[in-house]
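Reading through the structure tokens given below for one structure.
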Amino acid sequence: SKLWPEFKDNANFKLLVIGRDHTNEELKTYNTKKNFTFPLYADKGRVVFDSFASSTIPRSYLIDKDGKVIHISIGFNETEFSELMQKIEEAIK
């Protein structure tokens, strides 16, 4: 993903990637296998997922500095991802 390399060093950006139904060990193995460097957080009991969704992954929520949700996307396509990247750039200025 371009998202993590692009913004990881920006102090105004934080990324939380939640692994629905996974343990920390499973996520560590997954990151290693995929050569991902972004952090993954386990949600073994689906507490986080069930708070925000009942189906469909991935889900993306962009939250501004004031805690307001400014963008939501469900699923993935290149157009949606480009829009998310632009909204992030605007939000962290």
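Read-outs throughout are calculated quantities, based only on the coordinates presented, and are distinct from any laboratory measurement. Here the structure is a predicted model, which is why all the values come from computation and not from measurement. Neighbour counts are summed over all protein chains in view; Cβ atoms, including those assigned to glycine, are modelled from backbone coordinates with ideal geometry.
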Using modelled amide H (1.01 Å from N, peptide plane; none on Pro or chain starts), what sits under 5 Å from the amide H of His71, excluding residues fewer than 5 places away? Leu62
Which lysines does Lys8 reach when only Cα atoms under 21 Å apart count, and residues fewer than 8 places away in its own chain are ignored? Lys28, Lys33, Lys34, Lys65, Lys68, Lys87, Lys93
Taking the Cβ-Cβ separation of Thr32 and Lys68 as r and a Förster radius of 41 Å, what is the calculated FRET efficiency to the nearest 0.05? 0.70
Dipole of the chain, positive end: most advanced residue of Leu15, Ser73, Met85 [Cβ charges, Cα centre]: Leu15
List the trypsin sites (Lys or Arg not before Pro) in region 1-42 that DSSP assigns to loop (not H, G, I, E or B) and whose Cβ has at most 15 other Cβ atoms within 10 Å. Which are they? Lys2, Lys8, Lys14
Contour minus Cα-Cα span, Thr23 to Lys8, at 0.36 nm per residue, comes to 3.0 nm
Measure nothing fancy, just the Cα-based angle from helix 24-34's long axis to the longest principal axis of the chain, in degrees from 0 to 90, nearest 10. 70
Multiplying the sequence separation of Leu16 and Arg46 by 0.36 nm and subtracting their Cα-Cα distance, what value in nm do you get? 9.3 nm
Which percent, to the nearest 5, of DSSP beta bridges fully inside region 3-91 are antiparallel? 55
Amide H neighbours of Ile18 at under 5 Å, excluding residues fewer than 5 places away on the same chain, with H built from the backbone geometry, are Tyr41
